[in-house]
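The values are calculated or read from the model by the stated rules, or taken from the named source; none is laboratory data. Worth saying up front: this structure is predicted, and the values here are computed from it rather than measured. Here Cβ is always computed from backbone atoms with ideal geometry, including for glycine, and neighbour counts include all displayed protein chains. These accessible areas exclude ligands, DNA and RNA; they are computed on the full protein's heavy atoms, side chains included. Shrake-Rupley method; radii C 1.70, N 1.55, O 1.52, S 1.80 Å.
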Amino acid sequence: MTESLKFLRADLAKLAAYKPHPGGASTQPLDLLDTNESPLDLPQELKVKLGNFYQHSLEANRYPDGGHTQLKSAIAEYVQESAELTDQITPNHISVGNGSDELIRSLLIATCLGGNGSILVAQPTFSMYAILAQTLGIPVQTIERQAHNFAIDVEQAQVAISNRSKETTPVRVVFVVHPNSPTGNCLTSAEIEWLKSLPKDILVVVDEAYFEFSKLSLVAEISQRPNWIILRTFSKAFRLAAHRVGYAIADPEVIQALEKVRLPYNLPAFSQNAALLALQNRQVLLPLVTETICQRDLMWQELSNEFASDLQLWRSQANFLYIRLAKAKDQDLELASLVTKLKNCGTLIRHTDEGIRITVGTEAENQRTINNLRACLLSIS
Ligand SMILES: *Cc1c(COP(=O)(O)O)cnc(C)c1O
């Protein structure tokens, strides 16, 4: 680090800024299958409603509702309805963030900051937990998953949790994704039992970003488990990634802690309105989920049939597939080359640790993905 930047924290030198996918004016048309967004934009009639809201109702000179009153009520109702619960989830059980990324940061600030604890993640998993922890100087403890089904190695996890030696910061937060990204598997009953057995001085974060695809949720646990928090987002099934809206569901006392550390006007009025509109029109938006699931299973079938000897692939409960090369000598090196070749053919996918993750797109996009994979795999072998 140069002399003149001595005011920066030394540990930031080891970190790199998050690399978003290429936005703006791309020189070539790309199928964006790297961030698990919905392949379809909002329907035109909803965009018109949003436009009307901006034109006729929104006061651009006023701060947005910093308490997210209407949105929290609508979210509580949706969460309750989708879990077939009655009267358990109130607006006091909800906190809203500028994407669930903001909520992850808030809960790290509320728990581990200042040497209060470390986080535990099982790799491979969603990268933001470790990235955000590192930016806050919070230690990250990493364990492995079982090779065949990506279930967490519970014994290894228990060793990390039980380690109360002086040299290690105790685990305060365990992050799990249900279903996991990038691997697409839901929590097993053994994993859920383990999470339930964790002591009350550890916060269990269950990230359900893909809930609308898996239709499996642990939200019914919230009323009995004050040390659990569930995260959801509008960025995937609700087609609102541009608006950055996520939410947390937890015991009101945990929610209060998140509310204390967040910025006062964290969510722009336009985004609050878009999320509200999406919820009010969920009967219009969510049927696409069924189509995506169909497309995912079709794609899995076609890839398994055609590339049985080249690709290793897993069943997924989300809107993406996780794939490895079956015969690679150096998995990451060969995958990197495959990802570059695919990009040059017009298919952008995500290269994660020892695997690639392909978002399920429209039927046309998926067909192009399969064709491009065929061409690129041929040129490798
Ligand atoms: C996409 C995703 C999110 C969503 O993040 P936002 O900030 O709400 O867009 C959260 N968790 C996981 C595991 C994801 O894959």
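Is it fair to say residue 239 is under 19 Å from the mean Cα position of the chain (by Cα), basic (Lys, Arg), open to solvent by less than 20 Å² (accessible area, probe 1.4 Å) and within 16 Å of the ligand (Cβ to nearest atom)?
no
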Which listed residue is part of a loop (DSSP other than H, G, I, E, B), open to solvent by less than 80 Å² (accessible area, probe 1.4 Å) and either modelled with pLDDT of 95 or more or away from the ligand (no atom under 16 Å from the Cβ) (or both), from 12, 8, 46: 8
Unmet criterion (only one of (1) open to solvent by 30 Å² or more (accessible area, probe 1.4 Å); (2) within 16 Å of the ligand (Cβ to nearest atom); (3) of a type in the set (S, T, N, Q)) for residue 280: (2)
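Could you tell me which residue of region 202-213 is surrounded by the most Cβ atoms within 10 Å (Cβ to Cβ), considering only residues that are assigned to a loop (DSSP other than H, G, I, E, B) and within 12 Å of the ligand (Cβ to nearest atom)?
Taking region 202-213 first, the residues assigned to a loop (DSSP other than H, G, I, E, B) are 202, 208-210.
Now narrow it down to the ones that are within 12 Å of the ligand (Cβ to nearest atom): 208-210.
Working: 208: 22, 209: 23, 210: 27.
Top of the filtered list is 210.
Kindly indicate whether residue 103 is within 14 Å of the ligand (Cβ to nearest atom), open to solvent by less than 10 Å² (accessible area, probe 1.4 Å) and within 30 Å of residue 323 (Cα to Cα). If you could, list the steps in order and put the result at the bottom.
Details: within 14 Å of the ligand (Cβ to nearest atom): yes; open to solvent by less than 10 Å² (accessible area, probe 1.4 Å): yes; within 30 Å of residue 323 (Cα to Cα): yes.
In short, yes.
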Tally of residues being open to solvent by less than 10 Å² (accessible area, probe 1.4 Å) and free of Cβ contacts under 8 Å to residues at least 40 places away in the same chain across region 144-160: 1
Test: residue in region 214-227 that is among the polar types (S, T, N, Q), touching a residue at least 12 places away in the same chain (Cβ under 8 Å) and in a loop (DSSP other than H, G, I, E, B): yes
Extreme residue, nearest to the chain's Cα centre (by Cα), among residues of region 242-261 that are surrounded by 21 or more Cβ atoms within 10 Å (Cβ to Cβ) and within 13 Å of the ligand (Cβ to nearest atom): 246
Considering residues of region 75-89 that are in contact (Cβ under 8 Å) with a residue 24 or more places away in the chain and among the hydroxyl-bearing types (Ser, Thr, Tyr) only, the residue surrounded by the most Cβ atoms within 10 Å (Cβ to Cβ): 78
Flag if residue 82 is within 14 Å of the ligand (Cβ to nearest atom) and in contact with a Lys or Arg (Cβ under 9 Å, 6 or more places away or on another chain): no
Subset of region 49-74 [within 16 Å of residue 282 (Cβ to Cβ) and open to solvent by 100 Å² or more (accessible area, probe 1.4 Å)]: 49, 70
Residue satisfying all of: in region 338-381; surrounded by 14 or more Cβ atoms within 10 Å (Cβ to Cβ) and of a type in the set (S, T, N, Q); farthest from residue 317 (Cα to Cα) among these: 372
Where a residue in region 105-133 is closer than 25 Å to residue 166 by Cβ and without any contact (Cβ under 8 Å) to a residue 24 or more places away in the chain and its partner, wherever it lies, is open to solvent by 50 Å² or more (accessible area, probe 1.4 Å) and within 14 Å of the ligand (Cβ to nearest atom), with Cβ under 9 Å and at least six apart: 130/123
